[in-house]
Amino acid sequence: MSDQQSDSRSPLQTARILIAALAGVIVVISIVLVVQVVGQGGQSIEEVGDVNVLENSSNECVTCHENNTPGIVEQYGHSSMAAAGVSCEDCHEVEADYPGSVEHEGTHVLQQPTTAMCENCHEQEVAQFNQSRHALPSYVAYAGTEPLTEEQLDLYASIPEAQFNPDRDRNALFELEGHAVTQFACEGCHNVGKPALDGSIGECTACHLRHEFSLEQARKPETCNACHIGPDHPQWEIYQESAHGIAYATDGDNWNWEAEPGTLSVVDMPAATCATCHMSGFGGTSTTHDIGDRLSWYLAAPVSERRPAWQDNVVRMQAVCSECHNSDFIDTFYDDADELVLAINDWVIESDEIMQPLKDNGLLTPEPFDQEIDFVYFELWHHWGRTAKSGAWMQGPDYVQWHGAYEILSDLAELRAMAEELLIEAGLDPEEVYAE
Ligand code: HEC
Ligand code: HEC
Ligand code: HEC
Ligand code: HEC
Ligand code: HEC
Ligand code: HEC
Ligand code: HEC
Ligand code: HEC
């Protein structure tokens, strides 16, 4: 006791000084944090999210629609476009003779603003989108090239990535199922690239839900899940079982989803989403609306081939990975995944070889999808082959194995048995036929 009393400071005094110092540090840290948050994009969180900037607007569209469709004004009022002064008229108002315009309250409006309207201010995003398979190739996949204008045909021909299936006939299932069904099926996803009446291409709102046009919404993987789901392209399911998807599911609430485009980095999110790998400017890689820009294979094809300029695409994709993984890890991963693609290709080629003698001997009807064997042959590559390939590239082991490779092996066995039966029925000896 006497030792402590002889000290110049009592324990109580020391504690007070320490607490004061700690409080000082906390204040400084808070100031730094606040400055950082406010500094991002020059807007405070409050400006973007909480305030409806249209609340006291005297714009006629706004004041009337506040009563008629308050939801639209409420949503748009919270968008950063409204904060930047972009008005209802900027997207909706057109001349009387504009294709698709309707007369409205003394002016003319579009019910569904087209890509041409966005293009007035977002030329670069539209140009990139137009060069991607989300644009015309998505539409041609079910509609064929017949409905395209001269100008659209030229645009289509200029898309390097469209050279895969360049003039695809209308997909057989599209014809078979008929409009009553396909308007809710194929078209629900593939209209992301449908031309509008004014000739401009696609639906920006497939990913940018109106009228919030929120970056957070566009960047979250659920947005892609609208279409990238199901047995033939289960990228959403695969992502959910990947380490990246688990990081998103368990920690995503804490990520900075509103980071200014082009500035997104590991500070904002510690793992990747669909958009991070395929679209976002991340670290040194710039933002793109051309979702083929970082891909090396045509994974959706029955037998996958390399894309034009695929080496450049790999460099761009790997630049994203290398923000979080080292180059040895990435190179090894790419070598292994390339090897898997070739292994799946071999199985699909094997299925072609089983089918060929049936075609040569006229044992398949000319109509698609009318014999059981048509379905087995189709599912082998269209469902399981694609699934195994996407599963490997996006880290979903269950999809590579039980929804992929295993199903392929099972279908190969079934295909062989069916083919032999058809040959025998036709009086041919399967052993001889396949020995040739
Ligand atoms: C005096 C009121 C009023 C004004 C002013 C007004 N609207 Fe409307 N608007 C309406 C009403 C009412 C509807 C129909 C809502 C419904 O069907 O539920 C409508 C519908 C619309 C539609 C859908 C059209 C359709 O046929 O489907 C659009 C787009 C639209 N308004 C945009 C605008 C824009 C842009 C402006 C400003 C240039 C504007 N409105 C000005 C009242 C107004
Ligand atoms: C950045 C462009 C943009 C702005 C700004 C914009 N809209 Fe729209 N709006 C759209 C798009 C795109 C659609 C069509 C969405 C679709 O059908 O896929 C739409 C649809 C509509 C519709 C018809 C759809 C429905 O659900 O009834 C109305 C009405 C409408 N907007 C009113 C407004 C009003 C009022 C404002 C201003 C407060 C506004 N819009 C601002 C892009 C915009
Ligand atoms: C009149 C010009 C104009 C038109 C037309 C326009 N935009 Fe914008 N848009 C802007 C401006 C300016 C910003 C920047 C806002 C900011 O960063 O604060 C922006 C930002 C955006 C953003 C990013 C939002 C964010 O939170 O940073 C998206 C997404 C977007 N626009 C989509 C669209 C789409 C889709 C259309 C067409 C349906 C469209 N825009 C039409 C001017 C426009
Ligand atoms: C749930 C959304 C969805 C539905 C429904 C859908 N597709 Fe697709 N389709 C996709 C996606 C996503 C891809 C890309 C798959 C990939 O790259 O792994 C694709 C790929 C394709 C391709 C291969 C790429 C190409 O352009 O050659 C064709 C052909 C195709 N779809 C046609 C159709 C037809 C025809 C229908 C209806 C019978 C249909 N799709 C229904 C989402 C869908
Ligand atoms: C496949 C989904 C998808 C489609 C379709 C899409 N976008 Fe985007 N968009 C995104 C994502 C994701 C981001 C955020 C990128 C990032 O992380 O920085 C974005 C960002 C933007 C931005 C702000 C970033 C920037 O580059 O300034 C604009 C503007 C924009 N999109 C406009 C459009 C327009 C116009 C269209 C239609 C031609 C369109 N988008 C179609 C997904 C999409
Ligand atoms: C409205 C439906 C829809 C949405 C939403 C959508 N896609 Fe797609 N996507 C498609 C279709 C359809 C295709 C196939 C196009 C084709 O090849 O015919 C496709 C193809 C792709 C491809 C392969 C492109 C190529 O060059 O082969 C990638 C990568 C892709 N999408 C990524 C995304 C990402 C990332 C998102 C979310 C930010 C997203 N998509 C949202 C419908 C959609
Ligand atoms: C960690 C990065 C990463 C994430 C996360 C990711 N992808 Fe991918 N994706 C890839 C790579 C790498 C490939 C194959 C690249 C190649 O061909 O070189 C690929 C391939 C694809 C393809 C196949 C395109 C074709 O050739 O037919 C589609 C479609 C796709 N991704 C969509 C998505 C969607 C949707 C999500 C989210 C649910 C997603 N991706 C998440 C990296 C990623
Ligand atoms: C923003 C950071 C980030 C980016 C970008 C990213 N990853 Fe990852 N990745 C992670 C994290 C975090 C994990 C989980 C690591 C763990 O299991 O502890 C992971 C895990 C993985 C795994 C699984 C490793 C294992 O041991 O199971 C693979 C494979 C992988 N990433 C490949 C890629 C590829 C390929 C790309 C680029 C196309 C990529 N990643 C982009 C952060 C990222």
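The values are calculated or read from the model by the stated rules, or taken from the named source; none is laboratory data. As the structure is a computational prediction, the values presented were derived from the model and not from experiment. Cβ coordinates were reconstructed from backbone atoms using ideal geometry, including for glycine residues, and neighbour counts include every protein chain displayed. Note: accessible area is taken over every heavy atom of the protein model, side chains too, but ligands, DNA and RNA are not part of it. Shrake-Rupley method; radii C 1.70, N 1.55, O 1.52, S 1.80 Å.
In the set Glu89, Glu93, Glu74, only one residue is farther than 25 Å from Asp198 by Cα, more than 16 Å from ligand 5 (Cβ to nearest atom) and surrounded by 13 or more Cβ atoms within 10 Å (Cβ to Cβ); that residue is Glu74.
Looking at His211, His122, His179, which one is within 16 Å of ligand 1 (Cβ to nearest atom) and either of a type in the set (Lys, Arg) or over 30 Å from Val303 (Cβ atoms) (or both)?
Numbers: His122 fails: within 16 Å of ligand 1 (Cβ to nearest atom); His179 fails: within 16 Å of ligand 1 (Cβ to nearest atom).
Result of the check over His211, His122, His179: His211.
For region 250-269, the candidate set comprises residues that are open to solvent by 80 Å² or more (accessible area, probe 1.4 Å) and more than 26 Å from Phe129 (Cα to Cα); within that set, the residue that is farthest from ligand 1 (Cβ to nearest atom) is Thr250.
Filtering region 158-175 for residues that are open to solvent by 70 Å² or more (accessible area, probe 1.4 Å), out of contact with any Pro (no Cβ under 6 Å at 6 or more places or on another chain) and either of a type in the set (Ser, Thr, Tyr) or not in a loop (DSSP other than H, G, I, E, B) (or both) leaves a non-empty set. Filtering Gly100, Gly144 for residues that are at pLDDT below 95 and either out of contact with any helix residue (DSSP H, G or I) (no Cβ under 8 Å at 6 or more places or on another chain) or surrounded by fewer than 17 Cβ atoms within 10 Å (Cβ to Cβ) (or both) leaves a single hit, Gly144. Just so you know, in region 184-206 the residues that are open to solvent by 80 Å² or more (accessible area, probe 1.4 Å) and under 18 Å from Thr145 (Cα atoms) include one that is farthest from ligand 8 (Cβ to nearest atom), and it is Leu197. Only one entry in Ala116, Ala84 is hydrophobic (A, V, I, L, M, F, W, C), open to solvent by 60 Å² or more (accessible area, probe 1.4 Å) and modelled with pLDDT of 95 or more, namely Ala84. Of everything in region 270-280 that is within 9 Å of ligand 6 (Cβ to nearest atom) and of a type in the set (A, V, I, L, M, F, W, C), the residue that is least open to solvent (accessible area, probe 1.4 Å) is Ala275. Yes or no: region 305-323 includes at least one residue that is among the hydroxyl-bearing types (Ser, Thr, Tyr) and surrounded by fewer than 17 Cβ atoms within 10 Å (Cβ to Cβ). Yes - at least one qualifying residue is present in region 305-323. Figure legend. Inter-residue proximity from region 315-338: first residues part of a loop (DSSP other than H, G, I, E, B), second residues more than 12 Å from ligand 7 (Cβ to nearest atom) and of a type outside the set (Phe, Trp, Tyr), beta-carbon distance below 6 Å, spacing 6+ or different chains. Indicated pairs: Glu323/Val266; Glu323/Gly283.
Within region 120-133, at least one residue is within 16 Å of Asp290 (Cβ to Cβ), of a type in the set (Phe, Trp, Tyr) and crowded, with 19+ Cβ neighbours inside 10 Å.
Being among the basic types (Lys, Arg) and closer than 30 Å to Glu379 by Cα is the filter here; which residues of region 305-355 pass it? Steps first, answer last, please.
Kept after step one, since they are among the basic types (Lys, Arg), are these residues of region 305-355: 306-307, 316.
Residues satisfying the conditions are Arg306, Arg307.
Within this structure, Phe213 passes the test of being among the aromatic types (Phe, Trp, Tyr), more than 16 Å from ligand 8 (Cβ to nearest atom), at positive phi and out of contact with any Leu (no Cβ under 7 Å at 6 or more places or on another chain).
Reported count of residues in region 281-294, each being more than 9 Å from ligand 5 (Cβ to nearest atom), without any contact (Cβ under 8 Å) to a residue 60 or more places away in the chain and buried (at least 18 other Cβ atoms within 10 Å of the Cβ), is 2. So, Ser132, is that one under 30 Å from Phe184 (Cβ atoms), modelled with pLDDT of 95 or more and in a helix (DSSP H, G or I) or not? It is false that Ser132 is under 30 Å from Phe184 (Cβ atoms), modelled with pLDDT of 95 or more and in a helix (DSSP H, G or I).
Which one is nearest to ligand 3 (Cβ to nearest atom) among residues in region 223-239 that are assigned to a helix (DSSP H, G or I) and in contact (Cβ under 8 Å) with a residue 12 or more places away in the chain? Don't jump to the end; show me each part of the working.
First pass over region 223-239, keeping only residues assigned to a helix (DSSP H, G or I): 223-225, 235-239.
Still in the running and in contact (Cβ under 8 Å) with a residue 12 or more places away in the chain: 223-224, 235-239.
Working: Thr223: 11, Cys224: 15, Gln235: 22, Trp236: 21, Glu237: 27, Ile238: 26, Tyr239: 22 Å.
Filtering region 223-239 for residues that are assigned to a helix (DSSP H, G or I) and in contact (Cβ under 8 Å) with a residue 12 or more places away in the chain, the one nearest to ligand 3 (Cβ to nearest atom) comes out as Thr223.
Once region 208-227 is narrowed to residues that are within 16 Å of ligand 4 (Cβ to nearest atom) and crowded, with 19+ Cβ neighbours inside 10 Å, the residue that is nearest to the chain's Cα centre (by Cα) is Cys224. When we screen Arg316, Arg307 for residues that are within 28 Å of Val267 (Cα to Cα) and among the basic types (Lys, Arg), the only hit is Arg316.
The numbered conditions (1) closer than 21 Å to Phe164 by Cβ; (2) of a type in the set (Gly, Ala, Ser); (3) within 16 Å of ligand 5 (Cβ to nearest atom) are all true for Ala319 except (1).
Determine whether region 46-54 contains at least one residue that is over 24 Å from Glu203 (Cα atoms), surrounded by 12 or more Cβ atoms within 10 Å (Cβ to Cβ), modelled with pLDDT under 55 and under 34 Å from the mean Cα position of the chain (by Cα). Checked region 46-54: at least one residue is over 24 Å from Glu203 (Cα atoms), surrounded by 12 or more Cβ atoms within 10 Å (Cβ to Cβ), modelled with pLDDT under 55 and under 34 Å from the mean Cα position of the chain (by Cα). Close Cβ contacts (under 6 Å, 6 or more residues apart or on different chains) running from residues in region 72-92 that are part of a helix (DSSP H, G or I) to residues that are within 16 Å of ligand 6 (Cβ to nearest atom) comprise Gln75/Glu212; Met81/Phe213.
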